[in-house]
1. What FRET efficiency comes out for the pair residue 359/residue 104, r = Cβ-Cβ distance, R0 = 60 Å, nearest 0.05?
2. Output the direction-averaged projected area (hull surface divided by four) of the convex hull of the alpha-carbon atoms of the stretch 89-135, in nm².
3. Beyond 21 Å, what share of the Cα-Cα pairs of the stretch 268-335 is found? Please give it as a whole percent.
4. Once you place label points 7 Å from the Cα toward the Cβ at residue 412 and residue 336, how far apart are they in nm?
5. Once the Cα gyration tensor of the chain is diagonalised, what are the square roots of 5 times its eigenvalues, in whole Å and ordered largest first, as equivalent ellipsoid semi-axes?
6. Thinking of the stretch 95-203 as a set of Cα atoms, what percent of all their pairs are more than 25 Å apart?
7. Taking Rh as the Kirkwood radius, which is the inverse of the mean 1/r over Cα pairs, what is the Rg/Rh value for the stretch 139-188?
8. Neighbour counts of other C-beta atoms within 10 Å: give me 141, 400 arranged from fewest to most.
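Throughout, read-outs are computed from the coordinates displayed, never taken from laboratory work. Just so it is clear, the structure is predicted and the values come from calculations on it, not from any experiment. With ideal geometry, Cβ positions are generated from the backbone for all residues, glycine too; neighbour counts draw on all protein chains shown.
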Amino acid sequence: MKTITLKFGGSSLADAKQFIKVSKIIADHEGRTFVVASAPGKRFKEDTKVTDMLYACYNLAAAKQNFSEQLEAIKKRYSDIAEELEVKFDFDAEFDVIAEHLATDPQRDYMASRGEYLNSKFLAAYMGYDFIDPATCIFFDKQGQLNAEMTNSTLGAILATKQKAVVAGFYGHGADGNIKTFSRGGSDVTGAIVARAANADVYENWTDVSGMLSADPRIVKDPAPIKEISYKELRELSYMGASVLHEDAVFPVRLAGIPINIRNTNRPQDDGTWIVPSKKNDRDTVVTGISGKKGFSSILIEKAMMNNEIGFGEKLLSIIASHGMSFEHIPSGIDTMSAILDSDQFRHVKSQLIENIKTILKPDTVVVESGIALVAVVGTGMVYTKGVAAKVFSALAQADINIRMIDQGSSEINIIIGVDEDDYEKAIEVLYNAFFH
Ligand code: ASP
């Protein structure tokens, strides 16, 4: 039988109605044995996520202010769900422990983790599953990074003794012995860790959309859903702004070759998106998706005979690195080299960085430009297809969009174009029309 690890996001567990949908999904397949749960998310647009309520409550406690009203509001979120589902659960005892913690030694991560802890413990009780507290089996090292191997073996051993269990998302055991959380949205990472430790056939990530879309729906009307995408393509698209999963959620399952299936709790009949190690029919789709981001700047450096100067590029990169910056792209010519940088980071170090370039590299000219947007056209199929770049450029030219930079990654799974920020939306739209219509 196929074994499945499931992760449910906050909107999937926001109220009793959602819990009922979740229980049906879990019960629908015998192999859905291990479940990871987030804290209750928003029930409606203006609602507040429990995690945000917990942070607010912690802030009051840390400032030695009265937090009881805030804590009561959080407790009500849970007791409302339990009442509607007619499940007996001693939230009073749980919240007494939390209140005691807040009054004596408030810790931010501990407090934030209670959202997942309580929701998962409750879901386990509701489903008749065991509860696993990740404080006992997901470990961080001294640098605050996941200790992947120790976690995998400890958690794997625990899962091997269980038939069905719910693991709380988002946190684990810090190197100092205290609770430590992942960054926001981190239950996705927990789901991937559990899928790997359970040796699952599939990691189902249940959310409130039917998978990934091939372009940003705020720009393109009804973009086509992505049925299948490789880990590599996902990385390219998410790096350029398409977000569906926490960035670190791919690593554990990629290591184990487990596919991720993004599904919609509100439309379980939809197949969603499959994120796979490599696509079965690589050649079928030339372009899988188009994404992009605004907010880039470029430094263009010209120097006669640059081409002959050994170590020029290395020096430029180390100047950039010495200002604590990473670079996005380095398009270069014979006597020119430019660096595309994130404008927000660049702004703080700009004058010093340019000064260093002038003194160390002694260029003929240095020109800084901002207001650049990058657009990425991504697809593993383009390696086998002629005319993709021609199509990109003619679509942009016909729309009268000026191209300010071109970069095709050496793996040939993307073409990245720099355009003026004002042309960004139009560029995405015309490229989508060129490849998807
Ligand atoms: N509840 C946490 C957050 O809101 C973690 C998660 O949902 O994945 O970020």
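1. For R0 = 60 Å, the calculated efficiency reads 0.60.
2. Orientation-averaged projected area of the Cα hull: 3.3 nm².
3. Of all Cα-Cα distances in the stretch 268-335, 56 percent exceed 21 Å.
4. According to this spin-label approximation, the distance is 2.6 nm.
5. They are 44, 27, 20 Å, listed largest first.
6. Here the long-distance tail beyond 25 Å is 18 percent of all Cα pairs in the stretch 95-203.
7. 0.98
8. Taking fewest neighbouring Cβ atoms as first place, the list is 400, 141.
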